[in-house]
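A short worksheet on the structure shown next.
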Amino acid sequence: SARASRVLSALDLPTDGSLIPGMYDGQWGGSGAVQKSICPATGEVIGQVQTANVEETQRAIQATKGASILLRRMPGPQRGEVMRQIREALGAKTAALGDLVSLEMGKIRSEGKGEVQEFVDICDYATGLSRSMAGRVLPSERPEHVIYEIPNPLGVVGILSAFNFPVAVYGWNLAIAMITGNSTIWKPSPTTPLCAIAVTRLIQPVLERNGLPGAVAALVCGDVAVGKEIVGSSDVDMVSFTGSEKIGKEVGKVVQDRFGKALLELGGNNAVIVDKDADLQMALQAVIFAAVGTAGQRCTSTRRLYLHRSISAQFISMLLKYYDSASSQTTLKAGDPLDDASLIGPLHTSGAVKLYEDALAGIQKRGGKVLTKRSGKMDVGMGGNFVWPTIVRPTNDDPCWTTETFAPILSVAEFDTLEEAIHLNNAVPQGLSASLFTTNIQSMGKWLGPEGADCGIVNINVGTSGAEIGAGFGGNKSTGWGRESGGDAWKQYVRWSAATVNYSSKMPLAQGVSFGV
Ligand code: UN1
């Protein structure tokens, strides 16, 4: 369609269906199966990608390993300068790349652009880090001794990313891995290969200009077999995996089995708690963005809503006013993600629509209720995988409370005390993100303390999604304990050495041990 062609040609991607090489390790290639990229808003095929096969993946891993030797010799601040140039290349194409995210993944325009912005921001962060990633100097108990803690590069970082953030999740990993001196090999989601190819094509000239091999940032589009090669390879020092708890558990085991490092970003099942003293208007805006935005397809999306009994009926009716007005016409407009007026885009695949429908059917079969006027598939007049954002009141013991369904379904329940709400928040396997809406300072303290929320992201009067890059991003428990992006996340991308140096002319032992030689 003309709509797709406009987006593709802005990034020099073919519009005539010709095969696009989907692997890059210094050269573009790939002779594996063809992946079709399907637009979730229309169902049309927007590109055909020639993926890497298993041997090509092995070759790319070896090229990446070779590249890591050159990269680790480069001083950190020089890597920072390369990063700054990558940031400029991305910055010049933010709008075009954002539109490609909208076209291929299905999120709305401002969110597509926002996700590229996260990549730009983490590049800035990494450039700064290139002159500040510090080890430590520690006092030794022995005279004229000193202890250093020294970070050095790991070597190769494998990045396995999910469809829902086809650019940003790679960006966080690439930037931090590269600045700490590692080369990377990226396997994107099989349903968003074009975003991966477009990003790699922007990075490639920057590497070339700086005399670095392309395999510093290798790409292998492919299926499960390609992912398995990376995860199982002892030449890949760390595997950073974003995806489901089910697959993440397998990835974690395989990496553990070879004593590699794994960084896992798995399921979220995030709750918002609205207490009796909350500003309901603020809570409303936050919940609608986090539950309906991205059509419920962020790992940080709000899935559970716990309302204080005294404000529950009022808050639900405030929410329903928006949910029930969702359509192709009104304020909460569903429609083409490339149309600036749209706030709700499609689910990413027809399979996701089925998961959404099955989840709603199950909740109702087990005695739960749908509170919104409409649920199910939504027709916005362009085909695609659009569904009605839905609020449900499941039974108290419904299994939906403890499982992540990647769709715009919001489950509500009431509570009487903050303690009870915190208990409900923590009573799930996942621990990514949680938000409390309150104006009470005692509740805030409790929420952030040892008796509070057990998640990696714990907000107050801010929704569960839309985190900035400055802090470490990730979750606890079955979310996998990994941290990406800012904060101390970089410390996982290095091998640490404790180095004790003796600059005396004696040979004393620690703990005063005597060993008379
Ligand atoms: C994800 O959903 O995998 O906090 C990442 C957010 C975004 C990243 C989400 N900055 O919603």
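Here, each number is a calculation from the coordinates, and none is a lab measurement. Because the structure is predicted, anything quoted here is derived from the model rather than measured. Here Cβ is always computed from backbone atoms with ideal geometry, including for glycine, and neighbour counts include all displayed protein chains.
Some notes on this structure:
- Max-minus-min Cα coordinates of the stretch 203-261 on each principal axis give 40, 22, 17 Å, with the largest extent listed first.
- Per-bin percent of Cα-Cα distances, the stretch 258-299 [5 Å]: 5, 17, 20, 17, 13, 10, 6, 5, 4, 3, 1
- Residue-wise HN-Hα coupling along the stretch 245-259, computed from phi with Karplus coefficients 6.51, -1.76, 1.60 (Hz; x: Gly, Pro): 4, 4, 6, x, 5, 5, 4, x, 5, 5, 5, 4, 4, 9, 6
- Counted by neighbouring Cβ atoms within 10 Å, the residues 304, 309 run from fewest to most as 309, 304.
- Computed on the chain, with alpha-carbon pairs under 8 angstrom and 6+ residues apart, the relative contact order is 17 percent.
- Proximity of backbone amide H atoms, modeled 1.01 Å from N, is registered between residue 239 and 158, 261, 262, 263 at under 5 Å, excluding neighbours fewer than 5 places apart on the same chain.
- For the stretch 39-156, convex hull volume per residue from C-alpha positions, Å³: 173 Å³
- C-alpha center-to-center spacing [the stretch 465-501, the stretch 57-135] in angstrom: 17 Å
- Overall Cα dimensions of the chain - principal axes, largest extent first, Å: 82, 61, 37
- The lysine pair tally for the stretch 237-330, using Cα distances under 23 Å and a gap of 8 or more places or different chains, is 4.
- Taking all Cα pairs closer than 8 Å and separated by 6 or more residues, the relative contact order of the stretch 196-276 comes to 22 percent.
- Calculated FRET value between residue 357 and residue 321, using beta carbons and R₀ = 25 Å, to 0.05: 0.50
- Stokes-Einstein D in µm²/s, Kirkwood radius over Cα pairs - the stretch 1-80 at 37 °C with 0.692 mPa s viscosity: 220 µm²/s
- 222 nm mean residue ellipticity, helices alone, for the chain (DSSP H n ≥ 4; -39,500 (n - 2.57); rounded to 500): -11500 deg cm²/dmol
- Relative contact order [Cα under 8 Å, 6+ residues apart], the stretch 1-134, whole percent: 22 percent
- Spherically averaged projected area of the stretch 301-344 from its Cα convex hull (nm²): 3.8 nm²
- For the stretch 123-140, putting each phi into the Karplus relation 6.51 cos²θ - 1.76 cosθ + 1.60 with θ = phi - 60° gives couplings of 5, 4, 4, 5, 4, x, 4, 4, 10, 9, 6, 9, x, 9, 10, 10, x, 9 Hz, in residue order, rounded to whole numbers and with x for Gly and Pro.
- Panel order for 322, 170, by other beta carbons found within 10 Å of each beta carbon, from fewest to most: 322, 170.
- The stretch 356-490, dipole about Cα centre (Lys/Arg Cβ +1, Asp/Glu Cβ -1), debye to the nearest 20: 460 debye
- Its Cα gyration tensor gives the stretch 174-287 an equivalent ellipsoid. The semi-axes, each the square root of 5 times an eigenvalue, are 33, 21, 14 Å from largest down.
- Among 85, 100, 53 the positive-end extreme of the charge dipole of the stretch 44-106 (Cβ point charges): 85
- Karplus 3J(HN,Hα) series, Hz, for the stretch 167-176 with 6.51 cos²θ - 1.76 cosθ + 1.60 (x for Gly, Pro): 10, 5, 5, 4, x, 4, 6, 4, 4, 6
- The base-10 log of I(q)/I(0) for the stretch 444-517, evaluated at q = 0.15 Å⁻¹, reads -0.68 [Debye formula, identical scatterers on Cα atoms, solvent excluded].
- Once backbone amide H atoms are built at 1.01 Å from N, residue 344 has 333, 334, 335 as its partners under 5 Å, excluding neighbours fewer than 5 places away on the same chain.
- Placed amide H near residue 459: partners under 5 Å, 5+ positions off or other chain: 434, 435, 436
- By the count of neighbouring beta-carbon atoms within 10 Å, fewest first, 348, 423 end up ordered 423, 348.
- Global dimensions of the stretch 260-337 from alpha-carbon coordinates: Rg and Dmax equal 15.1, 52 Å.
- Distance from the Cα centroid of the stretch 407-460 to that of the stretch 17-55 is 42 Å (rounded to whole angstrom).
- Cβ-derived FRET efficiency at R0 41 Å, residue 503 paired with residue 224, nearest 0.05: 0.15
- Selection from 147, 296, 238 lying farthest towards where the dipole of the chain points positive, charges on Cβ: 147
- Here r is the Cβ-Cβ distance between residue 141 and residue 72 and R0 is 30 Å; the resulting FRET efficiency, rounded to 0.05, is 0.40.
- Over the stretch 87-206, the fraction of Cα-Cα pairs per 5 Å bin, rounded to whole percents and listed from the shortest bin up, is 2, 11, 19, 20, 16, 10, 7, 5, 4, 3, 2, 1, 0.
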